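Before I ask anything, let me first share the structure, which is written out below as structure tokens.
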């Protein structure tokens, strides 16, 4: 049975999306098939479909980091056909087909059954952002944070996608923006590489190696696939390092410029203060001279009558 999907492909370094007709056998492995009703356009989705960040880690892939719909078929315990479910995270739109399609097939453990109070439209109106925000609120409540505790300090409030925007100029839109993806083995999609022996485990680390299946690198095709994934991960790391270096240089230049401006401003302020002080000294001296001259003139005026009186005597 065919269905419509938005498929993302990559040619060289250009990511493009096209509406295509796909078959159910084109879906990735999973024990639950869902007829998708709604999905959201998340910030991460925008980065994925525009290619502005390496969100999608294998091509071709259906984007969409979340979806809500009705189960069509399931072999997963606790989820049956007809159940309304929502799915987000778990590598959707990164290493697994996402929600921008009429159908999705995923693992049952990735899904959450919707309460009766919510429709699939309600779930996607709240979206992954609202879901994450509610998890944060629950975590704060669990930590004992209440209005009675008074004011709190919030730090690191730069969003949930690893993005940073720093105001680097005096005018609007003069900012330095940076997107940092998760640059560990799991974030690079390397935990799915199978291993033989300890070669890949030592490369990815102990935590990554424990989740690898043995025997996958014994075939030529699997080895080439692993090499391709590792090479892609290295390119992404190099690209991130280059971007971080460029942003750091720009921030350092901005900081040096601000320091020079501050020094110039202080020097200007000092000159103005010195000039104001000199002007006040001149005014004070002038007033003193005028006062002394007035006193002398008054004294001279008083001498004349005294002279006349002496002559008359």
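The values are calculated or read from the model by the stated rules, or taken from the named source; none is laboratory data. Everything numeric here is computed off the predicted structure, so don't read it as measured data. Counting neighbours? That spans all protein chains shown, and the Cβs are built from the backbone with ideal geometry, glycine included.
So that you can scan it fast, the table gives a plain yes or no per residue for (1) touching a helix residue (DSSP H, G or I) at 6+ places or on another chain (Cβ under 7 Å); (2) assigned to a loop (DSSP other than H, G, I, E, B):
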residue	(1), (2)
48	no, no
54	yes, yes
57	no, yes
70	no, no
77	no, yes
104	no, no
109	no, no
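One line per residue, one yes/no per condition, for (1) modelled with pLDDT of 90 or more; (2) crowded, with 16+ Cβ neighbours inside 10 Å; (3) under 30 Å from residue 19 (Cβ atoms); (4) in the same structural domain as residue 7 (by TED's automatic domain parsing):
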| site | (1), (2), (3), (4) |
| --- | --- |
| 99 | yes, yes, yes, yes |
| 106 | yes, yes, yes, yes |
| 112 | yes, no, yes, yes |
| 146 | no, no, no, no |
| 152 | no, no, no, no |
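Oh, and also: Do we have residue 70 as in the same structural domain as residue 21 (by TED's automatic domain parsing) and surrounded by fewer than 21 Cβ atoms within 10 Å (Cβ to Cβ) here?
When the stated conditions are applied, residue 70 passes them.
Quick one: would you say residue 48 is touching a strand residue (DSSP E or B) at 6+ places or on another chain (Cβ under 6 Å) and touching a residue at least 24 places away in the same chain (Cβ under 8 Å)?
It is false that residue 48 is touching a strand residue (DSSP E or B) at 6+ places or on another chain (Cβ under 6 Å) and touching a residue at least 24 places away in the same chain (Cβ under 8 Å).
If a residue must be in contact with a helix residue (DSSP H, G or I) (Cβ under 8 Å, 6 or more places away or on another chain) and part of a loop (DSSP other than H, G, I, E, B), how many such residues does region 31-46 contain?
Here the count works out to 4.
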